[in-house]
1. Above 22 Å lies some portion of the pair distances; for the stretch A:1-118, what is it as a whole percent of all C-alpha pairs?
2. Quote the charge dipole size of the protein assembly as shown about the Cα centre in Debye, to the nearest 20; the model charges only the Cβ of Lys and Arg (+1) and of Asp and Glu (-1).
3. Heads up, I need the accessible area for B:Asp111: 1.4 angstrom probe, whole protein in place, Å², nearest 10.
4. Report the calculated FRET efficiency for B:Asp105 and A:Leu98 (r = Cβ-Cβ distance, R0 = 45 Å), to the nearest 0.05.
5. With a Förster radius of 30 Å, plug the Cβ-Cβ distance of A:Ser263 and A:Glu480 into 1/(1 + (r/R0)^6) and report the FRET value to the nearest 0.05.
6. Across the stretch B:66-200, how many lysine pairs separated by 8 or more positions, or lying on different chains, have Cα atoms within less than 17 Å?
7. With a 1.4 Å probe on protein heavy atoms only, work out how much accessible surface A and B bury together, total over both chains, in Å² to the nearest 100.
8. Can you list, largest first and rounded to whole Å, the semi-axes you get for chain A by taking the square root of 5 times each eigenvalue of its Cα gyration tensor?
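The values are calculated or read from the model by the stated rules, or taken from the named source; none is laboratory data. Note that the coordinates shown come from a computational prediction; the quantities given were computed from them, not determined experimentally. Every residue, glycine among them, receives a Cβ derived from its backbone with ideal geometry; neighbour counts consider all protein chains shown. For accessibility, only protein heavy atoms count, side chains too; no ligands or nucleic acids. Shrake-Rupley method; radii C 1.70, N 1.55, O 1.52, S 1.80 Å.
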Amino acid sequence: MEHITTPKVEQVKLLDRFSSRATAGTLYLTATHLLFIESNTAASEETWILHHHIAVVEKLSLTTSGCPLVIHCRNFRVVHFVIPRERDCHDIYSSLLLLRRPASYDDLYAFSYNPKQSEQQRAGGWQLIDLASEYERMGVPCDHWQLTDVNRNYKVCDTYPRDLFVPVSASKPIIVGSSKFRSKGRFPVLSYFYQEKKAAVCRCSQPLSGFSARCLEDEHMLQAISKANHNSRFMYVMDTRPKLNALANRAAGKGYENEDNYSNIRFQFVGIENIHVMRASLQKLLEVIGTKSLSMTDYFSGLESSGWLRHIKAVLDAAVILAKAVTVEGASVLVHCSDGWDRTAQVCSLGALLMDPFYRTIKGLMVLIEKDWISFGHKFADRCDQLDGDPKEVSPVFTQFLECVWQLTEQFPQAFQYNEWFLIQIHEHVHSCQFGNFLGNCQREREELRLKDKTYSLWQFLLNDQENYVNPVYQPGFSETHPVLEPSTLPFSFKFWRNMYHQFDRSMHPRQSVLKQVLSLKASNRDLEKAARALEAKLQKQGVFLSIAVDSKSKDPVHPVRPKSLILSAPLNCKEDEQKLSVCDRVRTVEGSSSAENGYNEEEEEPASFTKPEPTLVSLERGVARMTC
Amino acid sequence: MNCGTIQSRAHCSCYTAPSQFHLKTQTMASASTPTYNSNNLENNSSKNASRESLRMEPLADVPQLPGEERITDKDIIYICPFNGAVKGKVSITNYRLFFKSFEVDPAMTLDVPLGVISRIEKMGGASSRGENSYGLDITCKDMRNLRFALKQEGHSRRDIFELLFRYAFPLSHSLQLFVFLSQEKFSENGWNVYNAILEYQRQGLPNNKWRITFVNKQYELCDTYPTILMVPFKATDEDLRKVSAFRSRNRIPVVSWIHPVNQAVIMRCSQPLVGMSGKRNKDDERYLDTIREANGQTAKLTIYDARPNVNAVANKATGGGYEGEDAYQNAELVFLDIHNIHVMRESLKKLKDIVYPQVEETHWLSSLESTHWLEHIKLVLAGAIQVADKLSAGNSVVVHCSDGWDRTAQLTSLSMLMLDSYYRTMTGFQVLVQKEWISFGHKFSSRIGHGDKNHADADRSPIFVQFIDCVWQMTKQFPTAFEFNELFLMTILDNLYSCRFGTFLYNCESVRDNMEVKEKTVSLWSMINSENRKYINPFYTKESSRVLYPVASMRHLELWVSYYIRWNPRIRQQQQNPVEQRYMEMLALRDQYLKKLEELQISDAPRIANNSNSPASPMQLVHHVQTPL
């Protein structure tokens, strides 16, 4: 690679972010990764940092021990190296600046990543998620909703997918007319169909209404959506922006629907802030939690003034309103913001997640993301800063969505098939540019890049180790009794997502997790079952027939073995290095001021354990996942 | 649970519905019978009467304990802070206030032990205008207020106010506390849980360094200490008497706990009486040095003064103080910065203000911070961690505050909980509370104000609540380390106030002996141990020698929402934590497998003799996961 001048630097120190611990090692710069290998012989731990994950590289002023290089990653890893010679540091620094953000898509990791799969497997991966069958599952087309071919060639709206569902009564001229009255041509289309009440969740962008403009086709379009639902005499139009922002947009010839011009609509603002506010908020949050020896006061006031949890609450509040309007009132809802690809995507997808248990399964979440985010043109390339672009376009909108899902999994642990590790993995790869799914800003762009031929799909990769992502307390039966989730959105219901934002900070990990306990019991049950089977088979062979029934209803329907995740303190499968981890267990905790856990006598006899000699109680849940495979 | 509760729970158990409609039904349910109400435990049968018949004869089903007597019944309006005024009838007994609505369905009930009441006030006068402006305002010790409205005509309030006042504060009216009238019987006798000699024996005491002394047999040495004390073998009873003259309230340093391996000890005492002039006492100095020498490893005895440095200095003005460096050359003094009872009282009061009746929404985090409650929790835990850490390292420590019965009890008991897994069992915890809190004279009577009308008494303070909160924080961080669950902790707190049991009555052992508490009252542990199944933590895994170091960092501490905000109907009160539930199911499944295996092996038994490769016996398998009771 032409950007790499110094591929290897020795005697580099890696400083722990919160304690004063430092480890020495060697730094390697490869075409795709920055790699740090500890020189400690016993357990030389490795830190892999994908170039695309790097958000900010800082070279601090020279100190006596060397030149400090601080790297902030999009997956919230922060590493602090001290490089002995300033020249080496500068070389690495300037290489990273060039490597982290390539100028064109072709230089992204996804195009060089090769997991050694056959062409057929690659194609299979891309066929895993099929949106056509998803719409069918929802119950469209039906009497009132049909597939339109108006956008077959991306002519009407180039940021929408080709296949769109619209009311049967909306003719082509109406659609085209409406699209001309909507920002970026994003006219109202179906996002989710709630079959039980025939109510629809539709999405679009803001109308180009300015102070007084009207568009008859657009008014017809909304009327058609409203009429397609016989359950309700009116439909809601939900503008997810704060009213002030919408008002300001009027001056630019945009704005919001005037209730007087549209028959039977109920218009409502829900007040989610824009991408710039969200970006600044996350920035502030990261600053606060990154502070060494943070006082309680600074923590709380910092957390509050960052506004992060307040924004999460605003998004979830909007989704709750949406779900309620659809499921309780049976009304159709049209959701928009400014361009209809950020807040609209958040609210539509979370609303659907609250209404439909399918989206609470592993496959379902993939479908949801594929539909509301990828196909409807959430600008992943701009928001996640994939190429060297406008920093003002970068915003953690999708991260917020994942966090909202996580907050829901915390409130309803039994309702979700996936666990937090699944969400973290998705977040990881949205920024890794290792898979084709999230590249580019819209479907048209993705087709032009021929991603399906040149890159691999993340979904295949995640499904391959699905067992790592299964939530052990998931109860499929729960969705039958509680198809619609109604979460609490009181402020204390929102927690700081420690495992996401402190994912790579060992000292911040919990000491013990119930999840782990559940999993080891589950594993031991499986082994017991196996033992019973084996014995039964043996007896049968010897001619003894016995059938002692085990209540199979309570048997676990799914497969999970112990997931290997940071939360469960084991690294991801590419590098099995549990021994290394145990060495690192002896870290003095920050603020806790405790020394390593030391049992004071050895009288504890290890009971004859049937399962892996994994003690049900592991003292410290620590470990850093190796995310780069 | 009564039938009304179950029904109403059934349709609200999963949601906290923001919509008005849902909120209503749910409010009824949760407000009426909080899950953790201490009193709904024993009323199962009496509450089973059908709701229809209740309509006809209001308050036919007032729960009644043996020995409880009805005082009066009255029509009243309960002004529920969550859903407005509710008409009903109140029944007052010598133990409780019981309210039942007649107009809402399912019936709403309030069941409040009179012991919980801290203050009763009249609101409005006979000429007050406005609906429901004339009545009673009752402040409770458990984070809530109750308001009742009465009809203005005919002095209807006077009788009920006087009766309530009389029975809520019996000691201010020369009446007996309910506990002395109670006729409750349990299969277990909780007074047998703690025996000082047996507990010291369990710790391996006395030995050749430490001896039991009976110098306080008649409470002649120190009237707030128990009769049996553990002191250095080398110190004579005469020495102890001399030392006692130099310690506030004669509370001399005595052993609380000894490390089974390194023989380091935790000693507790009160502040030395140094005074302004900086008095010294040779006997005290020699006594502390004897302690230091006892385990042979302690180079410097660490004295933890729980107070902030300035407070300790200020105490000199009133004759107290701390161990000076010159006088105690072989000791190091560490201040732990924990504030006094007045600060803690105000902190909890502020916390109540932001959670009851309405939860502060707009500035939740900064409001929570401004109460400093979690900050205090953090300091107490951090102090206990330091003590435990020091002890693990083989150093003996002395802990004191001013009088050695508030902060000292918190620190010694929490560090013992960290160091000794015995105290994390159901019985062990009862022993810990009996020993460190009750027998060593935490002034329960003054801190709680049992049966006393003087609500503004400056001696009142939630020190014990704070301790239980710290324990709860530990159970959150180590979910498998404690045999008891959250309900156990809540039950303890509810009965801290209820005056149904003798456990927390009076300030010290000498008074309890005088009042014949053990003979005349029932212990809380009697009730708990008679039905301990529901207090068992299913995740508990028995272990013998692990030191728990919780993280006293704000990233890990959280507000105990299910206790402090439990009266708010918007708190989701799940009958059982879904994770716990799932775990129980899996445990049951495990037992089925084990049974099956056993049966299979029995039929395989004849063959085992000549077949060596049979799987492990079920008895071996059972070891590594504990059996649920």
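1. Working: 2220 of 6903 pairs.
Considering the stretch A:1-118, 32 percent of its Cα-Cα pairs are separated by more than 22 Å.
2. On the way: 145 positive and 143 negative charges, 226 e Å.
Here the size comes out at about 1080 debye.
3. 10 Å²
4. Values: r = 71 Å, r/R0 = 1.59.
The pair B:Asp105/A:Leu98 has a calculated efficiency of 0.05.
5. On the way: r = 39 Å, r/R0 = 1.28.
That pair, A:Ser263 with A:Glu480, gives E of 0.20.
6. Lysine pairs meeting both conditions in the stretch B:66-200 amount to 10.
7. 8100 Å²
8. Values: eigenvalues 374, 217, 110 Å².
Semi-axes from the Cα gyration tensor: 43, 33, 23 Å.
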